[in-house]
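One structure is given below, encoded as structure tokens.
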Amino acid sequence: MRLALLILLLALPLAGALAAPDGARLFREHCSACHGFDGQGGMGLPLSLPDFLAVADDAYLTRTIRHGRPGRLMPAFRELGDSQVQAIVGFIRGLQPGIPAPPSNDEPVAGDARRGADLYRKHCQRCHGADGWGGRGTGVTFSRPRDFPVMPPALNNPGFQAAASDRFIRRTLLHGRRGTPMPSFRERGLSEQDVDDIVRYVRQLGRAPGSWRPPAEQPPVLMFDSPYSLAQTVANIKRAVVGNNFRTVRVQPLETGLRPPGEESPGQYVIFFCNFEFANRALGLDPRVGLFLPCQITVLKTADGGVKVMSMNPKFMSRIYNNRELDEACDEMHDLYLSIMEEATL
Amino acid sequence: MSHWQTLPFVLFLLLAALGRPVLADDLLMARAPHPFPEAMLDLQTAIAEHGYHVSHVQRVDVGLGRSGFKTDKYRIVFFGKADEVRELLQRHPALAPYLPLKITLFAEADDTLLTTFDPTMLTRLAPQDADFILRLKRWKNDLRSIFHEMREGD
């Protein structure tokens, strides 16, 4: 009797967990921020185009979710259960219910990679880049000024390479994707052999050395001790900001807006500054970088009377963006913060 | 040990397993099914309903037009709890660059996108301070709950 009750109690929550996962809900929670509520695309590629779903087999979709695209925004979803991933794939299929899934088939395609390399330079490089790094920025272009209405994805990406079978790449090249800049190379007059040669070369792109790794762990904060008074330190920072071609936007107590004017802590100041050219370049690469904006340096008087100058560490933050192009901008910003704070506390 | 003694333990394990977040993501994101002005209001309401005070809204659109951007709908919302901010900064000054908390939001066609980072990433600023870590977790839960509301458009 007791045992039966125990089993019953155990089974109750499990029943909920084992019920079929809701693909639409999971997609909304995990994918819609980048791919849109209905797969129309955003920071990520469109997923609802008929030409995409006609060539994308279920193995490609499943593996893309599992591997993500390291260095190209899309995270790897390792924590989702198999049934959840399956439900998401089902939801994506449902975006074009009339189009059957092509068979998943990992049999390699035979071809001549050297011939493929020449064809790649001629037909693909201007969009997907010399080494397959893809366009600058990702996904669908909304209001940001960029080179294409949909940015060509990175073909050397380990996530793409792990997800795509030779057959998938071949189908993609023959078919093209109407509604995006990706042309059909059947229509462009390439033969099936040409396409197979290119497939072999695309495979080589994935083996090239120098692929992206997430930046190493970094401390969250950059910090300096200032030998000057709080007011003098703030003045020094303003001068150093201008000296580094940035513009001071505002200087205010850290508690501004949290407490009535005059009641903010007098020992905590924030200097906001900006360089529009720099900010706009970063926003074009990844619209989520707003978390870095405007640049800010904080000056604090500590309990023992010392003055500390600090900023967040852009290298610490860049890890979480999974964006190779942004890493470079973050390195630049890291050096800029250091040089301003060094100058101000010298 | 009788079954009755093991039961709470087994239940605890089970609930712990089920309650684990599906995705431990460092960058929290949400798409709100509302145009920018409406989402901006919804966000400020949601922040207030979670017990925080919006301290400042920063425009990031000055100069965007000149660089070819076709939108000026980009804002950063700063918010916090006054007493909590003051008290935590006394104990852990290194937290200052991350306070007040912030959420960015920007328009994408008829939707609005929101981003913030998971505050528990800052655990290592004071890994021994249990109260500090609890606060970071609470912030994270509140942020997730705010993002959930924004995503569902309610």
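Brief remarks follow.
- Residue within segment B:116-134 that is within 20 Å of A:Met317 (Cα to Cα), part of a loop (DSSP other than H, G, I, E, B) and more than 10 Å from chain A (Cβ to nearest Cβ) present: yes
- B:Leu114 being touching a helix residue (DSSP H, G or I) at 6+ places or on another chain (Cβ under 9 Å) and under 26 Å from A:Thr298 (Cβ atoms): yes
- Some residue of segment A:284-296 being crowded, with 21+ Cβ neighbours inside 10 Å, in the same structural domain as A:Gln252 (by TED's automatic domain parsing) and more than 25 Å from the chain's Cα centre (by Cα): no
- Put simply, of A:Ala235, A:Ala216, A:Ala208 the only residue that is surrounded by fewer than 21 Cβ atoms within 10 Å (Cβ to Cβ) and under 23 Å from B:Leu122 (Cα atoms) is A:Ala216.
Residues checked against (1) under 15 Å from A:Val55 (Cα atoms); (2) modelled with pLDDT under 95; (3) hydroxyl-bearing (Ser, Thr, Tyr):
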{"position": "A:Gly176", "(1), (2), (3)": "yes, no, no"}
{"position": "A:Ser184", "(1), (2), (3)": "yes, no, yes"}
{"position": "A:Ala208", "(1), (2), (3)": "no, yes, no"}
{"position": "A:Pro215", "(1), (2), (3)": "no, yes, no"}
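- Sole exception among (1) open to solvent by less than 10 Å² (accessible area, probe 1.4 Å); (2) more than 11 Å from chain B (Cβ to nearest Cβ); (3) part of a strand (DSSP E or B) for A:Cys330, by number: (3)
- For segment B:140-151, the condition of being open to solvent by less than 50 Å² (accessible area, probe 1.4 Å), outside any helix (DSSP H, G or I) and at negative phi holds for none of the residues.
- With respect to being open to solvent by 10 Å² or more (accessible area, probe 1.4 Å), within 25 Å of B:Phe79 (Cα to Cα) and either free of Cβ contacts under 8 Å to residues at least 12 places away in the same chain or in contact with a His (Cβ under 8 Å, 6 or more places away or on another chain) (or both), A:Lys301 falls outside the description.
- Qualifying residue in segment A:131-151 (condition: over 30 Å from B:Asp110 (Cα atoms) and either outside the structural domain of A:Glu192 (by TED's automatic domain parsing) or open to solvent by less than 30 Å² (accessible area, probe 1.4 Å) (or both)): yes
The values are calculated or read from the model by the stated rules, or taken from the named source; none is laboratory data. Since the structure is predicted, the reported quantities are computational estimates derived from the model, not experimental observations. Here Cβ is always computed from backbone atoms with ideal geometry, including for glycine, and neighbour counts include all displayed protein chains. Heads up: the accessible areas ignore ligands, DNA and RNA and are worked out on the full protein's heavy atoms, side chains in. Shrake-Rupley method; radii C 1.70, N 1.55, O 1.52, S 1.80 Å.
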